[in-house]
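Engineer: The structure follows.
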Amino acid sequence: MLILGLESSCDETAAALVTGDRQVLAHRLLGQEAAHAPFGGVVPEIAARAHVEALAPLVEAALADAGVRLGDVDAVAATAGPGLIGGVMVGLVTGKALAHAAGKPLIAVNHLEGHALSPRLSDPDLHFPYLLLLVSGGHCQLLLVEGVGRYRRWATTIDDAAGEAFDKTAKLLGLGFPGGPAVERAAAAGDASGVPLPRPLFRSPEPHFSFAGLKAAVARVVGQYPPEDIAASFQQAVIDCLVDRTRLALQGHGRPTALVVAGGVAANGAVRAALQALAESHGLRFVAPPLWLCTDNAAMIAWAGAERFAAGLTDPLDVPARPRWPLDPAAEAVRGAGVKA
Ligand code: KG4
Ligand code: ZN
């Protein structure tokens, strides 16, 4: 089985070819950092235009890398949401056109499902059900992954996502964009207990996350402490919250086969180490995809497409783009979580 995957929901344009037996034959990615850097964040209109220019050449390059032709693919998988609507539409329309031209099925992939299943691309021994901490720029959720298309959300953020807090902290410290890797680098040289910062919802009996108060606290201490100490203390506060909330989820919900972390923030070495220690203290396997598979990419979309295709799940060519698309439609909306789906 050979799947072409397309990703364009935020500021990475990407195309990949992945097989049903987990071979990544090609994965091409073009970031837009330079275009958005002057604004300190992703500008949706700039992103959509950049996806239009980048996507078709990336698809051609990926096909060439893999040494295959469009007609060789069994299906085309494209991110259909959630994300910035302009970018999602560019990728989804391109996917529809390629599927139609090749006479192959289309698979409309939820970007979050791409992250959620990505650890199964890198680890053939990861079986359902697993507890997933999905931490990215737009999301911070704890989910039980029961199977393809079967997700139970236990916790989400009531305000900001963890990656958003990293990006904001980087901006406040003048470390540039994107912020996560810059904060991690600065933190390596700092004192993680040097700056008193809050840990919102720490030890709370309610299962959710909150990062807005931490972000605001960072804004108040900028200029009063060395930037590397602020970065290290901020990163430690995020880690303490992630570990505390994940520990709570592990207490109440049966026996998952593994603790898994995915999404851009999962590329952070200190975050991975803390979650690994938590998993070990519970006698659980810990699984985290390689760094390149944590941040946005098209291999995870192709792989989610492969899993859906194997389950007989394809979509009609008039499937809509969905700027908001929760993985668990039955999960109740939580207080304050109006901005991010
Ligand atoms: O999954 P992703 O690439 O895009 C979304 O779907 O949001 O996640 C991007 C987020 C950004 O907020 C970025 O700052 C964060 O992941 N990130 C990191 C690291 N690398 C990326 N955060 C902390 N440490 C990192 N090394
Ligand atoms: Zn993502």
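Engineer: Treat every Asp and Glu Cβ in the chain as -1 and every Lys and Arg Cβ as +1, leave all other atoms uncharged, and give the resulting dipole magnitude about the Cα centre to the nearest 20 debye. Present the calculation step by step, with values, prior to reporting the outcome.
Structural biologist: Numbers: 27 positive and 33 negative charges, 126 e Å.
It works out to roughly 600 debye.
Engineer: In what sequence, largest accessible area first, do T314, T79 appear using a 1.4 Å probe?
Structural biologist: Of T314, T79, the descending order of accessible area is T314, T79.
Engineer: Considering only DSSP beta bridges whose two residues both sit in the chain, what percent are antiparallel, to the nearest 5?
Structural biologist: About 60 percent, rounded to the nearest 5.
Engineer: About its Cα centre, how strong a charge dipole does segment 127-292 have in debye, to the nearest 20, once Lys and Arg get +1 and Asp and Glu get -1 at the Cβ?
Structural biologist: 400 debye
Engineer: Which order do V88, V243 take when ranked by solvent-accessible area (1.4 Å probe, heavy atoms of all protein chains), largest first?
Structural biologist: V243, V88
Engineer: When ranked by the protection proxy of mean other Cβ atoms within 10 Å per residue, highest first, what sequence do the peptides 256-266, 315-325, 50-60 form?
Structural biologist: Highest to lowest by the protection proxy: 256-266, 50-60, 315-325.
Engineer: Another one. Name the residue farthest towards the positive end of the dipole of segment 127-292 from the options G283, S136, N268, assuming +1 on Cβ of Lys and Arg, -1 on Cβ of Asp and Glu, about the Cα centre.
Structural biologist: So the residue we want is G283.
Engineer: Based on Cβ point charges of +1 for Lys and Arg and -1 for Asp and Glu, what charge dipole magnitude is obtained for segment 1-138 about its Cα centre, in debye rounded to the nearest 20?
Structural biologist: For this selection, approximately 260 debye.
Engineer: Continuing with the same structure: Counting C-alpha atoms alone, how compact is the chain: give Rg to one decimal and Dmax as a whole number, in angstrom.
Structural biologist: 19.5, 61
Engineer: Which Cα, out of Q224, P205, A162, lies furthest along the positive dipole direction of segment 127-292 (beta carbon charges, K/R +1, D/E -1)?
Structural biologist: Farthest towards the positive pole: P205.
Engineer: So what's Rg/Rh here for segment 217-310, counting alpha carbon atoms and using the Kirkwood radius for Rh?
Structural biologist: Ratio value, two decimals: 1.07.
Engineer: A further question follows. When the accessible area of segment 127-292 is split by element with a 1.4 Å probe, what percent falls to carbon and sulfur?
Structural biologist: In segment 127-292, the share of accessible area belonging to carbon and sulfur is 53 percent.
Engineer: While we're on this one: Given a 1.4 angstrom probe, I'd like the percentage of the accessible area of segment 1-66 that is carbon and sulfur, rounded to a whole number.
Structural biologist: Carbon plus sulfur share of accessible area: 56 percent.
Engineer: Just read off the accessible area of D21 with the full protein assembly in place, 1.4 Å probe, to the nearest 10 Å².
Structural biologist: 100 Å²
Engineer: Could you provide, to the nearest whole Å², the per residue accessible area of segment 127-292 with probe 1.4 Å?
Structural biologist: Value returned for segment 127-292: 38 Å² of accessible area per residue.
The values are calculated or read from the model by the stated rules, or taken from the named source; none is laboratory data. These figures come from a predicted structure and were not determined experimentally. In this analysis, Cβ positions are derived from the backbone assuming ideal geometry, glycine residues included, and neighbour counts consider all displayed protein chains. When the accessible area is computed, the model is the full protein with side chains, heavy atoms only, and any ligands, DNA or RNA have been set aside. Shrake-Rupley method; radii C 1.70, N 1.55, O 1.52, S 1.80 Å.
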